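Rule-based calculations on the coordinates, nothing more; no lab input. It should be emphasised that the depicted structure is a prediction, and the values quoted were computed from it without experimental measurement. Glycine also receives a Cβ, built like all others from the backbone with ideal geometry; neighbour counts cover every protein chain displayed.
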Amino acid sequence: MTTRNQDNSQAAGATPQDLGARFEQEFGRAPDGLWQAPGRVNLIGEHTDYNEGFVLPFAIDRTARVAVAVRQDATMRLLSTYGDQGVVSTNLETLQPGTAKGWTKYPLGVVWALRQRGIDVPGLDLLLDSNVPLGAGLSSSHAIECAVITALNDLTGAGLEAEDMVLATQRAENDFVGAPTGIMDQSASLRGSQGHAVFLDCRDQTARLVPFETGPARLVLLVIDTKVSHSHADGGYASRRASCELGAEVMGVKALRDLEVADLEEASGLLDEVTFRRVRHVVTENDRVLQTVDLLDGPGPDAIGPLLDASHASMRDDFEISCPELDLAVDTSRANGAIGARMTGGGFGGAAIALTPLDAEQKVRDAVVKAFADAGFAAPDIFTVSPAAGAMRIA
Ligand code: GAF
């Protein structure tokens, strides 16, 4: 694990006008268009997606934006407004997994995945800007991929549906970037809607928008970025995935989605102790997603706190993907008035979320900052997010 120093909490991002002007300055012509796609927060349903289970993420009001123009050759030139890499130039005909570096893996992975599907992606000039915090578990990489695939779907006239774009970006992540991730993050980024969470069945990609508005309940959703960096291409994510596959195999089911809470007693007799705990997390987490959806459909967000807490405990104790910084963020938020808190995303670092009454927000923020300082941890970034629209063309 590494600690990041940059403060992303207030990042504004370039306006479409600025991005267009910068593109023209760098590439000597106007872009064909501008597209954006959001990062995501997962409200609940962690490590359930690749087990063909349920997730409940939402798109956040932080986006990656790309300005893109088609070229007449097979060259791709890429530039971002952050980092110091300068323009990266590559030939699409020779694009292979393992050949790209840094942030360029994400757009190039999408181009590669589309070409693997037989879509004739031409050479491109591309300028990226993003205000999704990097490495914070808010899916900054999928935001880039989803902005790019939305642009390419328009520019090539490929006519891909959201489900196809989800699978193509998953292929980019799995086979080009090398991260064995599921379909949750890109589904949230592509299918998100203001004021809603996306209730997704990862077995068949059926989705329903569930109202999730904190404002009317006088709540805020705080994101606490612990600054502990994680990468899904590191071994932890893959090893959890392997445990789940082993558990399903021993239990004789296609995926852990096919087990219910009532099956856990039998599982405890058949599985080794560690695999059992991994399985118990996934099975109970699926159940918590369904309960959360029922509560959001009924009484509303102020009823879901205990489920968020139980989700965190399950990830900490059974799935073992939390870390001291995430636990401290969660515990301190709860002790100072949050009605529910949990780590969000793949784990091993990244961010926690704390569903907090408006009138306790400052107390929670101050307490978390102090607790991190007292523990000798890097200062966290703390900011609010709300459910926002999914990927779209903006100019
Ligand atoms: C990461 C992955 F990209 C998702 O597919 C999902 O598995 C998540 O971790 C854990 O819920 O964000």
| Segments 173-186, 242-255, 66-79, 143-156 sorted - mean Cβ within 10 Å per residue, highest first | 143-156, 173-186, 66-79, 242-255
| task | Arrange LYS105, LYS363 by Cβ neighbour counts within 10 Å, fewest through most, would you? | result | LYS363, LYS105
| task | Give the shape of the range 97-188 as rounded, prolate or oblate, defined through the alpha-carbon gyration tensor: a ≥ b ≥ c are the square roots of its eigenvalues, a/c under 1.5 means rounded, and otherwise the shape is prolate if a/b is larger than b/c and oblate if not. | result | rounded
| remark: Most exposed to least, judged by fewest other Cβ atoms within 10 Å, GLU260, GLU163 sort to GLU260, GLU163
| remark: Restricting to aspartates and glutamates and to Cα separations under 12 Å from LYS227, and discarding same-chain partners fewer than 8 apart, the set is ASP7, GLU325, ASP381
| If you wrap the range 1-139's Cα atoms in a convex hull and average its projection over all directions, what's the area in nm²? | 10.3
| query | Kirkwood Rh, Cα Rg: Rg to Rh for the chain? | reply | 0.97
| field | Most fluctuating residue given options SER189, SER333, SER231, as computed from a GNM of the chain linking Cα atoms under 10 Å | value | SER231
| field | Alpha-carbon centroid distance for the pair the range 362-382 / the range 238-261, whole angstrom | value | 37
| field | Rh (Kirkwood; distinct C-alpha pairs) - the range 64-108, Å | value | 11.5
| task | Would you look at the GNM of the chain, springs on alpha carbons closer than 10 Å, and say which of ALA64, ALA14, ALA113 moves the most? | result | ALA14
| request: On each of the three principal axes of the Cα atoms of the range 164-242, give max minus min coordinate, whole Å, ordered largest first. | output: 42, 33, 19
| remark: Taking 133-139, 272-278 and ranking on average Cβ neighbours within 10 Å, highest first, one gets 133-139, 272-278
| query | What is the Cα centroid distance between the range 143-175 and the range 79-98, reported in whole angstrom? | reply | 18
| message | Under a Cβ-only charge scheme (Lys and Arg +1, Asp and Glu -1), can you give me the dipole magnitude of the chain about the Cα centre, in debye to the nearest 20? | response | 880
| said: If the elastic network links every pair of Cα atoms under 10 Å, which of ASP331, ASP287, ASP204 fluctuates the most in the Gaussian network model of the chain? | reply: ASP204
| message | To test your reading of the geometry: what angle, between 0 and 90 degrees and rounded to tens, separates the Cα axis of helix 273-297 from the longest principal axis of the chain? | response | 80
| said: Pairwise over distinct Cα atoms, reciprocal of the mean inverse distance: report the Kirkwood radius of the range 200-348 in Å, one decimal place. | reply: 16.7
